[in-house]
Amino acid sequence: MNILLRFAYGLVAFASMALIGLALAAIGAYYYVAPSLPDPESLREVQLQVPMRVYSRDGLLLAEFGEQRRVPLQLDQVPERLQRAFLAAEDDRFFEHPGVDWQGLTRAAVAVALTGEPSQGGGTITMQVARNFFLSREKTISRKVREIFLSFRIEHLLSKEEILELYLNKIFLGQRAYGVGAAAEVYFGKTIDALTLGEIALIAGIGRLPSIDNPVTNPERARARRAYVLRRMLETGVIDQAELDAAMAEPVVSKVHGAQVRLAAPWVAEMARREMLERFGAEAYTRGYVVVTTVDSRLQPLAQAAVRSGLRSYDQRHGYRGPLARLDTVPATLAEAATLLEGYPEPAELRAALVLSVDEEGAGVLVRGAGEARLAFADMAWARPYIDDDRAGAAPETTGDVLAPGDVIMVRAEDEAWRLAQAPDVQGALVALDPHDGAVVALSGGLDFEYSKFNRATQARRQPGSAFKPFVYSAALERGLTAATVIIDAPVVYDDPGLEDTWRPQNYTGRFYGPMRLREALVQSRNLVSIRLLERIGINFAAAHAANFGFPPDALPRNLTLALGSGTATPLELATGYAAFANGGFLVEPYFIDRIYGPDEDLLYRHEPAWACAACEIEQAAAAAAPTETASTDPPPEFPMVEIEQPPRAVAAANAWLIDSMLRDVVTRGTGARARSLGRSDLAGKTGTTNDGRDTWFAGYNGDVVATAWVGFDQERPLGRGEAGGSTALPLWIDFMGPALAGTSASRVPQPPGLVTVRISAETGELARAGEPGAIFETFRVGNVPAAAAPGESQFPAAGEREDDPLF
């Protein structure tokens, strides 16, 4: 008995000494590692890597940029069932232990003793927070010791709820998704509150091995992990058996979803990304900046649709270039055929398809992602064989003239049917501004951003052709000429030292029309009148005047070809120039970023543009000129006398109004007459076609929207016979402006003071005599009204007459 008692005392003493030893070892270990432990106080103000998000002006997401996908959430925004799913799977004693679960650590220690290898077992959620925020993921005993002590510190500093919130936002869940909010978007394209129980369990099961347990990489492993999480939820009382069975029956269907983009404006989003990178450097991708652009969510889809429709129309006019590929034999099974279609690019909402059979009525096809379908002959009847840009072959008479079994083709969905299509070789752009302040309200930089990221609206410097003429005519008005000034449209030959060779310019029609008033010359886009006009007013003067509209001076050639738009401009620059005619003569600065918010939703930047208001200016000038009265019963002015910051002037109000009236005639009865189809009285604009038809343009506006459309090849070549600004670019502009202005009232700037309208001779431009037949009305600046010609006199200038200019 005494022996047993002494043994018991010895055992107790040994255990006590062991415990004391362990305690001293723990204390020693703590003081050894404590100096190297990071300060968990930083968790209170932790900066999670959050991608930059770009929005339209009315709050629709355009794009997200950043290496890590993350949607930061407060704990009360995370569904309780999702919280408990993670707790059941990872740490069911989370709210009971002090940061370290000794039971789990004991299991891990036994594993080390049995295998000789350290493992990651025994880790609590607090320990994972310590590891994810401060430590490496190496599996060593020293790292585990540091993790344990750091976990105690975190538990002492933060509440359990704060720790869980950090964990759910930080955890990596595969496919660039960090945090549960991002995982819901990435795997299921949903917000976190829309997840089913099965989807919740799938997400909660990913954290152990996120790169291989996620449902995109390995659906079967994800299914097994889901089953484990659901069982743990059942065991911990989170769900009942019926809920488990229903969740287990859900199919494991997942794919990588991008950010939930609600408005397609990829070129504007890319412009914003570049601007943010320039402002903030690489931090732009990680600090959670929010960029609000000027894009209008109603107008932006119209711009992209107009460009695609216009390019398709051009492309089909020039014929069918044939299938993407032609197989010798049709695959034996649809599965094999579907595999063959993988890898073909599908720009601009087109789909790759394989022709399975042909008959008199059409063709049977397999459409990638849509299965078998019929292609009626009527839906391929446009497909005359392409010969070159000027010629296409005869119209097809049978399906076999176009397609054969084994052809890999492109199709597009239209009116609940599939139609033969092809990706256009030609490119185009459309940009629209608010002429009052320069805000970019819509922009399409090409056919398809994923197909070509080059932004033709802002980066393509092309010759504007006749679309540049209004700026030359504006310079002429500034020189004292008028819309009634007559210049002869006749052949001319120049040996201009600024040109390489003798130059014999011609009109687009190849004909000559004799004496012509400037208004008619602009309306009909007469090249020879424009050249003589430039010669008369001086090249340097005209170039300097055009620079006032925002054109870079070095993009304007100092020779007579300037009259025909041989300089270079982007569609955005041309739209900016035309905005001055739309707003009464003000030079607005185009902009596309309205606001920038920081990580804490604090406003970092707001663009405060000057506001062009010609009517305000007129009202205020009239009020200033009116005699002072002690009392008035008149209603208050439409535009009260308030201080507004006006943009700088590009040109005087009278000059802008006169050019505007001439450009309205271009639409009413000139080269832009196709725009009359919109049935509006407030439209103005000008076509543009360059030499050999390499570039086609239409720039036009009303008082609220100015838009420029361009069509051409990236690798410059003629667009082909019959392609001009009025037939190629103008349809894009019409397709945009029609719905853009639908339901709005007519809008144009009011006539400014200092103008007078009189009757003139349509032939000579001189003041009409009383009772003169065929007289017309024309508007002039006060002081520029022509006199009536005396018998035998003419206003036509002598040959070679021009203003002094250092160039000559």
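Every number in this text was worked out from the coordinates using simple rules, so none of it is lab data. Note that the structure is predicted; figures quoted are calculated from it, not measured. Counting neighbours? That spans all protein chains shown, and the Cβs are built from the backbone with ideal geometry, glycine included.
Here are the numbers for the structure shown:
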read-out: Cut-off 11 Å between beta-carbons: net charge of the residues surrounding residue 298, Lys and Arg +1, Asp and Glu -1; value: -1
read-out: Under-5 Å amide H pairs with residue 695, H placed in peptide plane, nonlocal only; value: 690
read-out: Helix axis angle, 125-134 relative to the chain longest principal axis, alpha carbon, degrees; value: 50 degrees
read-out: Total formal charge among the other residues, if their Cβ is under 13 angstrom from that of residue 470, Lys/Arg +1 and Asp/Glu -1; value: +1
read-out: Helix axis angle, 653-669 relative to the chain longest principal axis, alpha carbon, degrees; value: 90 degrees
read-out: Under Karplus coefficients 6.51, -1.76 and 1.60, residue-wise ³J(HN,Hα) of the stretch 157-170 in Hz, glycine/proline x; value: 8, 10, 6, 4, 5, 5, 5, 5, 4, 4, 4, 5, 8, 9
read-out: Protection proxy ranking, peptides 437-449, 268-280, average beta carbon neighbours within 10 Å, highest first; value: 437-449, 268-280
read-out: On Cα atoms only, tilt of 266-280 relative to the major axis of the chain in degrees; value: 70 degrees
read-out: Along each principal axis, Cα extent of the stretch 271-354, largest first, Å; value: 56, 33, 21
read-out: Given (1) 55.5; (2) 43.1; (3) 40.0, the label whose value is mean projected area of the Cα convex hull in nm² derived from this model; value: (1)
read-out: Sequence-distant residues sharing a close amide H with residue 441 (under 5 Å, placed H); value: 432, 433, 434
read-out: Net length gained if the chain between residue 338 and residue 604 were fully extended (0.36 nm per residue, minus Cα distance); value: 90.7 nm
read-out: Within the stretch 709-739: backbone nitrogen closer than 20 Å to the residue 681 label point (7 Å, Cα to C-beta); value: 738
read-out: Estimated FRET transfer efficiency (residue 255, residue 645; beta-carbon r; R0 60 Å; 0.05); value: 0.75
read-out: For residue 184, net neighbour charge (Lys/Arg +1, Asp/Glu -1) across residues whose Cβ lies under 9 Å away; value: -2
read-out: Coordinate range along principal axes, alpha carbons of the stretch 230-311, Å, largest first; value: 56, 38, 19
read-out: Pairs of alpha carbons in the stretch 174-311 whose separation is greater than 18 Å (percent); value: 66 percent
read-out: Computed FRET value (nearest 0.05) for residue 454 with residue 788, which takes r as the C-beta separation and R₀ as 56 Å; value: 0.50
read-out: Computed helical MRE - 222 nm, the chain, DSSP H runs ≥ 4 contributing -39500 (n - 2.57), nearest 500; value: -10500 deg cm²/dmol
read-out: Cα centre as origin, Lys/Arg/Asp/Glu Cβ charges: the chain dipole, Debye; value: 1420 debye
read-out: Stretchable slack from residue 159 to residue 479, in nm (0.36 nm times residue separation minus alpha-carbon distance); value: 107.4 nm
read-out: Contour minus Cα-Cα distance for residue 757 and residue 360 (0.36 nm per residue); value: 136.4 nm
read-out: Interchain or long-range residues, amide H under 5 Å from residue 513's placed H; value: 489
